[in-house]
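Below you'll find the structure, written out as structure tokens, and then a few comments.
Rule-based calculations on the coordinates, nothing more; no lab input. These numbers come from a predicted model, not from an experiment. Cβ sites come from the backbone with ideal geometry, for glycine too, and all protein chains shown count toward neighbours.
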Amino acid sequence: MAAVLKRTGQKMPLVGFGLWKVTKNTCADTVYAAIKAGYRLLDGAGDYGNEKEAGEGVRRAIADGLVKREDLFITSKLWNTFHAYDHAKTLAKKQLGLWGIDYFDLFLIHFPIALQYVDPNHRYPPEWFGDDGKVHLQNTSIQETWKAMEDLVDEGLAKNIGISNFNGSLILDVLRYARIEPQVLQVELHPYLTQEPLVQLAKQLGIALTAYSSFGPQSYVELGMDKNAESLLESSLIQNIGAEHRKSTGQVLLRWATQQGIAVIPKSNNIDRLAENLQCNSFNLSESELAQISSLNSNLRLNNPAEIDPRLAIFA
Ligand SMILES: NC(=O)c1ccc[n+]([C@@H]2O[C@H](COP(=O)([O-])OP(=O)(O)OC[C@H]3O[C@@H](n4cnc5c(N)ncnc54)[C@H](OP(=O)(O)O)[C@@H]3O)[C@@H](O)[C@H]2O)c1
């Protein structure tokens with residue numbers, strides 16, 4: 001199952017493997033195992049600090065004949081400190097070098113937030129804070145960054161380009177000047193944050209949607225950022241629906257998204273769980289089950305930069 005991207009007609013798998021917090025020293029083995037299990041989409045980012053290791057896993061899988069490069073759909077993202085035109089171009093090339101590949105299938109602007117440049121030789125990945133522990137904004141417009149993204153397409157370094165953590169008004173603004181329209185929007189989306197208006201807008205515009213943090217609070221427990229929300233993986237509603245279909249709660253949460261045509265990118269450091277997550281499309285939820293799951297919505301956003309610094313309230 002795949003989403004067909006509008007401009008290139010390229011197929012983006014509906015289930016991919018997320019690389020945020022995939023442990024660095026086992027990342028190459030985990031990526032190799034993910035490809036062996038059947039994953040063809042890898043969702044990385046400069047910020048995840050494991051692009052080199054992920055690339056090692058890819059290279060090993062290719063060398064062992066598991067896949068060819070063209071069988072894979074590799075996504076990466078441009079970090080906030082590299083939004084200036086020249087920095088964006090330079091960093092994309094650096095990231096390709098870390099992965100050891102010639103092009104990304106998809107390159108996204110990670111957040112609509114421009115932070116002061118940090119030389120990668122000084123610190124990489126730079127994360128949110130300067131050396132003084134504070135957040136430093138930079139006046140670079142998304143228009144400037146988007147121009148760099150478009151030029152990466154022209155140079156063959158990115159097959160598709162897109163955006164992440166953008167809201168409706170900003171998406172419409174990008175479309176006013178885009179020479180190459182964003183192909184994909186990646187946002188936090190799970191039954192506690194269903195984002196129906198944004199889903200509808202993306203569908204209207206022909207922008208493919210990828211949901212991140214499909215298991216809701218689970219990913220944020222280890223960061224102390226789960227807001228004490230009830231686990232979706234242990235929700236009695238999801239458990240009952242899973243029992244009905246003889247599927248795990250994780251598979252139900254993923255299918256809830258993919259059945260709406262939304263791609264998912266679950267992350268796991270565990271080989272059994274990552275394999276289980278990939279097998280989420282072999283059953284169908286009823287309309288009533290989809291609606292019951294959606295009714296868990298409480299607009300609970302777990303990944304909100306405003307909590308790092310109130311000036312970063314991009315979802316306000
Ligand atoms: N664009 C953005 O700003 C952005 C932000 C966040 C995430 N993302 C992307 O989206 C991907 C997925 O989001 P995420 O990593 O936040 O969260 P996620 O995939 O929703 O959840 C990962 C958590 O669930 C656990 N888990 C995985 N499979 C499980 C299963 N079958 N049963 C029980 N627990 C399971 C994992 O633990 P184990 O590892 O121990 O299995 C981990 O704690 C990321 O890896 C990243 O690629 C993008």
3J(HN,Hα) from dihedral phi, the stretch 214-221, Karplus parametrisation 6.51/-1.76/1.60, rounded to Hz, x for glycine, proline: 4, 8, x, x, 3, 5, 9, 4
Could you pull out every residue, at least 5 positions away or on a different chain, whose amide H is within less than 5 Å of the one on residue 264? Hs are placed 1.01 Å off N in the peptide plane, and Pro or chain starts have none. 15, 16, 211
Tell me the mean residue ellipticity at 222 nm calculated for the chain from its helices only (DSSP H runs of n ≥ 4, each -39500 (n - 2.57), averaged over every residue, nearest 500). -11000 deg cm²/dmol
For the chain, just say rounded, prolate or oblate: build the C-alpha gyration tensor, square-root its eigenvalues into a ≥ b ≥ c, call rounded for a/c under 1.5, and beyond that prolate if a/b exceeds b/c, oblate if not. rounded
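Order these by the 10 Å Cβ neighbour count, fewest first: 1, 149.
Values: 1 12, 149 27.
By the 10 Å Cβ count, ascending, the order reads 1, 149.
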Quick one: which residues, 5+ away or cross-chain, put their amide H under 5 Å from the amide H of residue 164? H built at 1.01 Å from N. 109, 186
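Of the listed peptides 209-220, 177-188, 136-147, what is their order by residue-averaged count of other C-beta atoms within 10 Å, with the highest listed first? Walk me through the numbers before you get to the answer.
Numbers: 209-220: 22.9, 177-188: 19.7, 136-147: 16.2.
Highest mean packing first, the order is 209-220, 177-188, 136-147.
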